[in-house]
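To start, the structure itself, in structure tokens.
Just so it is clear, none of the values below were taken in a lab; they were calculated from the coordinates. A quick note: this is a predicted structure, and the numbers were derived from the prediction, not measured. Backbone-built Cβ (ideal geometry, glycine too); neighbour counts: all protein chains shown.
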Amino acid sequence: MSGRVVPVKFNRREALSLWHDVTLKSVLQTGPDLSTRQLAILTTVYLEQGPHTVRSLAQKLNVTKAVISRAIDALEIMRFVKRCPDPRDKRSVVIARTGPGSNYLSDFAEHIRGHLINTAQVA
């Protein structure tokens, strides 16, 4: 991802319509149906500089470590992230990216991009 932000002006209805479309697609697709919390964790791991630990993710999302651990368990079952030993501290575990997780988010991002392009062409 380039990190380039293209300004798009949405009114409230258009913003909710975008979120509805993206959410509906994620529910209707044949792949896993991620919770909002799982998606927030997954995008944090992929978009923000790591290393990511259960503790750092809990602080970032302002939830308990137990909440993060349960979400990571589910994301690991889907093979979207994996727990790995921290190379700097073997007692610690980092949450790492995986190919399937990257593919899932790439597809998700393409859906958002497609919706934004269609919205921009209508305007």
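Residues of the range 73-93 with an amide N closer than 12 Å to a point placed 7 Å from the Cα of S56 along the Cα-to-Cβ direction: 86-89, 93. Across the range 36-84, counting alpha-carbon atoms alone, Rg and Dmax equal 9.5, 24 Å.
What does the helix-only formula give at 222 nm for the chain: each DSSP H stretch with n ≥ 4 adding -39500 (n - 2.57), the total divided by the residues, and the result rounded to the nearest 500 deg cm²/dmol? The helix contribution divided over the chain gives -19500 deg cm²/dmol. Listed by chain and number, the lysines placed with their C-alpha closer than 17 angstrom to that of K65 are K82; residues fewer than eight positions away on the same chain are left out.
For K25, a cut-off of 19 angstrom between C-alpha atoms picks up these aspartates and glutamates, skipping any fewer than 8 places away in its own chain: E14, D33, D107, E110. Contact order for the chain, expressed relative to its length and based on alpha carbon pairs under 8 Å spaced 6+ residues apart, stands at 23 percent.
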